[in-house]
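*Asks:* Take a look at this one; I'll ask things after.
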Amino acid sequence: MVRLAVEVRRGDRLLEKLANLGHVFPSNCGGRGLCGRCRILVLEGRELLSRPTKQELALLSREELSGGWRLACQAIALSSGSLVLELPYLTYRLVVEGVEGPVELSPAVVGRQLVIEKPSLADLRADEERILSSLGANSMDIELLRELPSLLRHGPSRAEAIVRGGEVLDIRPPGRPLLGMAIDIGTTKIAAYLVDLRVGKLLSTSSDINPQVAFGEDIMSRIAFSMEGPDKLIKLSTVLRDGINKLVREACSLAGASPNDVYELVLVGNTVMHHSLLGISLRGLGLAPYTPATTRPLQVKARDLGLEAGRGAYAYLPPPIAGFVGSDALADLVASGMYELGGTCMLIDIGTNTEILLKSGDAFWACSCASGPAFEGWRISCGSRAVRGAIDSVRIEPGTYEVAYTTIGGAKPIGICGSGLIDAVAELYRAGILDASGRMREVGTPRLRRRQGVLEFVLAWASEAGAGHDIVITQKDIREIQLAKAAIRAGSRVLMEKAGVGPEDIDMLFIAGAFGSSLNLASAMAIGMCPSVPLSRVRFLGNSAGAGARMMLKNVGLRRKAEELAKHIKFVELAVEKEFREEFLRALSFPSLGA
């Protein structure tokens, strides 16, 4: 737990107050008091807060309420004063590394030396015309134009012009850095990469939880939140913009630079992230047939999006592919280079929302499946995100059923995260505690017990845990994992059927995403989550969406290539595919051991 002193004013809602201070709670109810994931302990100042709501009375016990526990989304300050709170210690493990392919440096912005000729009676051309003529450009950023008369008459005679295409963005003293930012806006995290555009070198990275998680951990929750009123969409856009700006400042600070030296940003993300950053209504994505407002590539002035950057800087957003397959999948495609490979290739970007891409010959297919809840620890009795103390790998000894595990940071276990869940289910199956249908068998071990009529297996006893209770995986948890893994398996099978190929035809399987980077592929295949291909044909890409964004930042030609690829990807809407429902039901079971 983290102790925190907070000054509040009348009307402050603690959820938003804490978010503004950088303490973001993962939520799947949009702050409506339904999920109970924003619990806080009020140590001092309880009298300043509103009385517990009916939602709190339903989710918190009488003992918890009397002890000072509240839901941050429900507690509102009735008067100004000081609070002392204890918050859960949430240190997320954010995977920002990704495999980046070789790329020729050819950025959208360049620095050009400029000799400034002072206006004179011998040269009566307009100031703008004189500069454009000298640089061979054809337009000028309006903010630069406003300052141009003073700059030409009182500035130095030598300067550097920042030029993008035919537009002059800025004129500044020579010798300053010329920087770009690549930003991967994930549903759960945002990762930012600062790049020196003169040499193509990665200077620094910064990452944080996407602050939108306060309004829903999955994209459907955020869409529902945005549809409650126009102010809700504004809230989603504002917190996302603020989160991005925070990372831009952090990355620049780490490199000893300034956001004023950033003249190009490339931002990728799923379609909901894309639309919410732009302030586009999410209504079309929340109602059938789930169509996006636009699938065009966009080039927008960074200032028009409220993003901190240099004068005249641009934000480039590659095109989304469809309603639930965004430009992050396109960036995956660029980073993997699979579009250049022959044969049959598949890419699975495992996350809160899993995207699957399949290439066979010259044809591409893509789909999206809702797999996140269980892998992110939702609906799991002792589930946890990838935080310090989360069990991330498991081994169960057949016969004795003794358990060996590791945790993030080597801390005492507080729960179990996605990679640990996949391991645990695979190990329970290999040890004979689960049958092929996923049903627990009552074998002779004290670790397997029935509580309140439900079977559960103890991974860590309370005496060794840091949570104050046993860490268990229940029969219900197994069912949740089956639902999640079946969605991925069925989605991949549907794409293979569309292409007329089978798992044996896959020449290369790329696994991408933060969760995928920590996945034990042998365990994933053992429970039938991924196509069974030889491990020699598998490549782990890490955060390939971020890598692809960096590549498009450094080479404008790759943007054109990505835009062309997007036009030829066949999106498969699984919700209307009869084969998906049939494959999903089959994929719920585990494959035969040794298969």
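*Asks:* Assuming R0 = 22 Å, can you tell me the calculated FRET efficiency for the pair SER120 and SER150, based on Cβ-Cβ distance, to the nearest 0.05?
*Replies:* E between SER120 and SER150, to the nearest 0.05, is 0.85.
*Asks:* A further question follows. Just to make sure I understand: if all protein chains stay in place, what is the order of THR445, THR291 by accessible area at 1.4 Å, largest first?
*Replies:* THR291, THR445
*Asks:* Placing +1 on the Cβ of each Lys and Arg and -1 on the Cβ of each Asp and Glu in the chain, which of LEU553, ILE473, GLY33 has its Cα farthest towards the positive end of the resulting dipole?
*Replies:* GLY33
*Asks:* Mean residue ellipticity at 222 nm from the helices of the chain, using -39,500 (n - 2.57) per DSSP H segment of n ≥ 4 over the full residue count, to the nearest 500 deg cm²/dmol?
*Replies:* Only helices count here, giving -9000 deg cm²/dmol.
*Asks:* Moving to a separate point now. How much accessible area does ILE350 have with a 1.4 Å probe, in Å² rounded to the nearest 10?
*Replies:* 0
*Asks:* To continue, here is another question. Using a 1.4 angstrom probe with every protein chain in place, what is the largest-first accessible-area order of THR294, THR205?
*Replies:* Largest accessible area first, the residues go THR205, THR294.
*Asks:* While we're on this one: Give the calculated FRET efficiency between ARG46 and GLU402 to the nearest 0.05, with a Förster radius of 60 Å applied to their Cβ-Cβ distance.
*Replies:* The formula returns an efficiency of 0.85 here.
*Asks:* From the phi of every residue in segment 278-287, what ³J(HN,Hα) in whole Hz does the Karplus formula 6.51 cos²θ - 1.76 cosθ + 1.60 yield, where θ is phi - 60° and glycine or proline is x?
*Replies:* After applying 6.51 cos²θ - 1.76 cosθ + 1.60, I find 7, x, 7, 3, 8, 4, x, 7, x, 10 Hz.
*Asks:* I'd like the distance separating the alpha-carbon centroids of segment 188-238 and segment 47-80, in whole Å.
*Replies:* 29
*Asks:* Let me ask something additional. Sum up the charges of everything whose Cβ sits under 12 Å from the Cβ of GLU480, counting Lys and Arg as +1 and Asp and Glu as -1, but leave GLU480 out.
*Replies:* +2
*Asks:* Hey, can you grab everything whose amide H is under 5 Å from the amide H of GLY466? Only 5+ residues off in sequence or another chain; H modelled, so Pro and N-termini drop out.
*Replies:* Result for GLY466 returns ILE414.
*Asks:* First check a/c for segment 539-595, with a ≥ b ≥ c the square roots of the eigenvalues of its C-alpha gyration tensor; if it is under 1.5, answer rounded, and if not, answer prolate when a/b is larger than b/c or oblate otherwise.
*Replies:* oblate
*Asks:* Okay, moving on. For the chain, build the charge dipole from Cβ charges (+1 Lys, Arg; -1 Asp, Glu) around the Cα centre, then report which of SER592, LEU330, THR445 sits farthest towards its positive end.
*Replies:* It is THR445.
*Asks:* Along Cα→Cβ, 7 Å out, is where each label goes; now give me the distance between the ones at THR238 and LEU4 in nm to one decimal.
*Replies:* So the label points at THR238 and LEU4 sit 1.8 nm apart.
*Asks:* Next question. For ALA460, which sequence-distant residues (separation of 5 or more, or a different chain) have an amide H within less than 5 Å of its own amide H, given hydrogens modelled in the peptide plane?
*Replies:* Those qualifying (amide H under 5 Å, at least 5 residues apart or on another chain) are ILE471.
*Asks:* Please give the solvent-accessible surface of THR407 in Å², to the nearest 10, using a probe radius of 1.4 Å with every protein chain present.
*Replies:* Rounded to the nearest 10, that gives 20 Å².
*Asks:* For segment 385-445, what is the percent of antiparallel DSSP beta bridges, rounded to the nearest 5?
*Replies:* Restricted to segment 385-445, the bridges split so that about 75 percent are antiparallel.
*Asks:* Ok, one more. In whole Hz, with x marking every Gly and Pro, tabulate ³J(HN,Hα) for segment 173-185 from phi via Karplus 6.51 cos²θ - 1.76 cosθ + 1.60, θ = phi - 60°.
*Replies:* Computed from phi, the couplings for segment 173-185 are x, x, x, 7, x, 10, 10, x, 10, 10, 10, 9, 9 Hz.
*Asks:* Using only the alpha carbons of segment 472-579, what is the convex hull's orientation-averaged projected area in square nanometres?
*Replies:* Quarter of the Cα hull surface area: 9.1 nm².
*Asks:* Sorting SER336, SER437 by accessible area (1.4 Å probe), largest first, what list results?
*Replies:* Result, largest first: SER437, SER336.
*Asks:* Could you tell me which residue out of ALA191, GLN212, LEU178 lies farthest along the dipole of segment 174-297 toward its positive end? Charges go on the beta carbon: Lys and Arg +1, Asp and Glu -1, centred on the Cα centre.
*Replies:* LEU178
*Asks:* Just the accessible area per residue of segment 376-495, please: how many Å² with a 1.4 Å probe?
*Replies:* 37
*Asks:* Each residue of segment 200-211 in order: what ³J(HN,Hα) in whole Hz does its phi give by Karplus 6.51 cos²θ - 1.76 cosθ + 1.60, θ = phi - 60°, with x for Gly and Pro?
*Replies:* For segment 200-211, the Karplus curve yields x, 7, 6, 8, 6, 9, 9, 8, 6, 5, 4, x Hz.
*Asks:* Also, I was wondering about something else. As a test, work out the antiparallel percent of DSSP beta bridges whose residues both lie in the chain, rounded to the nearest 5.
*Replies:* Here the share of antiparallel DSSP bridges comes out near 75 percent.
*Asks:* Against the 2.2 N^0.38 Å scaling, with N counting residues, where does the chain land? I'd like the Cα-based Rg ratio to two decimal places.
*Replies:* So the Cα radius of gyration is 1.06 times the expected 2.2 N^0.38 Å.
*Asks:* Roughly how far apart, in whole Å, are the Cα centres of segment 442-506 and segment 120-152?
*Replies:* Segment 442-506 and segment 120-152 have Cα centres separated by 66 Å.
*Asks:* Counting only the heavy atoms of the protein chains, how much of MET220 is accessible to a 1.4 Å probe, in Å² to the nearest 10?
*Replies:* Near enough 90 Å² of accessible area.
*Asks:* Can I ask one more? Assuming R0 = 60 Å, can you tell me the calculated FRET efficiency for the pair VAL443 and GLU129, based on Cβ-Cβ distance, to the nearest 0.05?
*Replies:* Computed FRET efficiency for VAL443 and GLU129: 0.10.
*Asks:* Now for a different question. Helix 475-499: angle to the longest alpha-carbon principal axis of the chain, degrees 0 to 90, nearest 10?
*Replies:* 50
*Asks:* Scan the chain and report its longest stretch carrying no trypsin sites (Lys or Arg not before Pro) that are both in a DSSP loop and have at most 14 other Cβ atoms within 10 Å.
*Replies:* 199-438
The values are calculated or read from the model by the stated rules, or taken from the named source; none is laboratory data. In this text the structure is predicted, and so the values were computed from the model without any measurement. Here Cβ is always computed from backbone atoms with ideal geometry, including for glycine, and neighbour counts include all displayed protein chains. Areas reflect the complete protein model, heavy atoms only, side chains present, ligands, DNA and RNA absent. Shrake-Rupley method; radii C 1.70, N 1.55, O 1.52, S 1.80 Å.
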